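These notes concern the structure reproduced below.
The values are calculated or read from the model by the stated rules, or taken from the named source; none is laboratory data. Please read all numbers here as calculations on a predicted model, not as lab measurements. Counting neighbours? That spans all protein chains shown, and the Cβs are built from the backbone with ideal geometry, glycine included. These accessible areas exclude ligands, DNA and RNA; they are computed on the full protein's heavy atoms, side chains included. Shrake-Rupley method; radii C 1.70, N 1.55, O 1.52, S 1.80 Å.
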Amino acid sequence: MDTQKAWDTFIAKLNHPTKEEIDQKYLRMDVEFPNLPDLDSVEHLPHLISEAERFCHSHKPLIRNIANKLIASLFYLQMNEVKSMSSSDHSHHRCTEYFVD
């Protein structure tokens with residue numbers, strides 16, 4: 001599988017964002033496994049698990065950043081309306097909203 005080609009195709013479909021926009025909104029994490037076994041090689045599974053754990057441990061800040069972005073992406077607030085209210089000494093705004101599922 002050519003993951004770089006898949007990534008390039010994905011980015012190309014984004015309507016020409018800048019590098020800063022891509023870096024802010026999207027993240028690519030390449031995990032390399034030396035000597036990747038065949039998909040049906042069950043006997044190699046313990047080795048793959050230990051390699052994945054080693055990768056996760058050595059890239060903990062990156063993985064935490066990814067997890068935080070995934071969690072934050074679950075919550076979107078869409079405003080219905082904003083009403084301005086003024087008093088003699090303060091200005092207030094009242095917002096009505098709902099969460100987008």
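Determine ³J(HN,Hα), in whole Hz, for all residues of region 54-65 in sequence, where each value follows from phi through the Karplus function 6.51 cos²θ - 1.76 cosθ + 1.60 and θ = phi - 60°; x replaces Gly and Pro.
5, 4, 4, 5, 7, 10, 4, x, 5, 5, 5, 4
Under the Karplus relation 6.51 cos²θ - 1.76 cosθ + 1.60, θ = phi - 60°, what is the ordered set of whole-Hz ³J(HN,Hα) values for region 37-42, x standing for Gly and Pro?
Going residue by residue, I get x, 4, 4, 9, 8, 4 Hz, with x marking Gly and Pro.
HIS59's amide H: which non-local residues (gap 5+, or another chain) put their own amide H closer than 5 Å, with H modeled 1.01 Å from N in plane and none for Pro or chain starts?
Amide H neighbours of HIS59, under 5 Å, 5+ apart: none.
For the full complex of protein chains and a 1.4 angstrom probe, list SER58, SER73 by accessible area with the highest value first.
Ranking SER58, SER73 by accessible area, largest first, yields SER58, SER73.
Using a 7 Å offset from the Cα along the Cα-to-Cβ direction at both LEU36 and ASP23, what is the distance between the two label points in nm, to one decimal?
Placing both labels 7 Å along Cα→Cβ, they lie 2.7 nm apart.
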